[in-house]
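Presented below is the structure to which this report refers.
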Amino acid sequence: MSYANSRIPSSAQQGVHEKLAERVARHLRQPFRKPFADYNRAALALSLEGWDGHAPLILDAGCGVGHSTIQIARAYPDHWVIGVDQSADRLNRRKPYPDALLPTNLVFVRADLVDYWRLLAERGLKLARHYILYPNPWPKIGHLTRRWHAHPVFPWIPKLGGVLECRSNWRVYIEEFALALGMACGRQIAWEPFQAEVPLTPFERKYRDSGQTLFRLRCDLGGETGQGGNGPTMQTTTAGAQQ
Ligand SMILES: C[S@@+](CC[C@H](N)C(=O)[O-])C[C@H]1O[C@@H](n2cnc3c(N)ncnc32)[C@H](O)[C@@H]1O
């Protein structure tokens, strides 16, 4: 397949999954108790090693090759930015800059978000910003529970607070994510198509260059930021990391 010829996920599902609301309600009622894997505990410790304990935290969840993490760290130099992905191969791919030019306020760690999100919450940490950029869409109808908003870990995402941003090239994914988040927060969550003038991620660039419509949800979940929750709610809007 040539570069600018990427496809929108094709699915028999054209709108919100009929079982989504029931799933989300169940996950909100019944806390997810899967035991943590040691490597994810180690990843959390590693990701906080360089943090001064005060800088507001940003999580780039499922950061892939980490280009977005770098752009975000440049846009928010006074924040500690953590890029998490389960794929060591993606994390280790060559970055678009030499190491010496990488921002120093970021760290990449290999972890499973299913544990990492819950471990952050267990430590009492709050995020200033939280990016979930182009998550795997799992477009097959039978794969509903693999989508983050229908996964049992979902209730931990809003618990982490901050400005949450999710982007996808599959409208249904964002529509569903907004519905699930609305159920967790007790309010309507807006989403919109948008233009990615400066793409944040390689997937975003590829989809944009293929002429696809991109969708995003951006929502301030409030809450205090950092350790122990003494910081102000982050409302920062800095050019560069957002379109
Ligand atoms: C479609 S890619 C998008 C990557 C990047 N955000 C981008 O837009 O270029 C989805 C990423 O999520 C990561 N991922 C999927 N499930 C994960 C999990 N349970 N824990 C951590 N990362 C995960 C994958 O390894 C992959 O890099």
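Every number here is computed from the coordinates shown, using simple stated rules; none is lab data. Small disclaimer: the values here were computed from a predicted structure and weren't measured. Ideal geometry is used to build each Cβ from the backbone, glycine not excepted, and the neighbour counts take in all protein chains shown.
The figures follow:
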read-out	value
Full-extension gain in nm, Y97 to E122, via 0.36 nm per residue minus C-alpha separation	5.5 nm
For the range 1-129, the Rg and Dmax computed from alpha carbons only, in angstrom	17.4, 50
Cα gyration tensor shape for the range 75-152, rounded if a/c is under 1.5, else prolate or oblate	oblate
Cα gyration tensor shape for the range 24-85, rounded if a/c is under 1.5, else prolate or oblate	prolate
Cα-centre dipole for the range 12-167 with unit charges at Cβ (Lys and Arg positive, Asp and Glu negative), debye to 20	560 debye
Over the chain, relative contact order from alpha-carbon pairs under 8 Å, at least 6 apart, %	25 percent
Inter-probe distance in nm under a simple model that places probes 7 Å from Cα toward Cβ, at A21 and R146	2.7 nm
Proximal charge balance of R147 [Cβ under 10 Å; K/R count +1, D/E count -1]	+1
Candidate lysines - alpha carbon under 30 Å from K95, same-chain residues fewer than 8 apart omitted	K126, K206
Cα pair distances exceeding 21 angstrom across the chain, given as percent	56 percent
Where labels lie 7 Å past Cα in the beta-carbon direction, separation of I8 and F194 in nm	1.9 nm
Under DSSP loop assignment and at most 11 Cβ neighbours within 10 Å, longest GluC sites (Glu not before Pro)-free interval of the chain	50-196
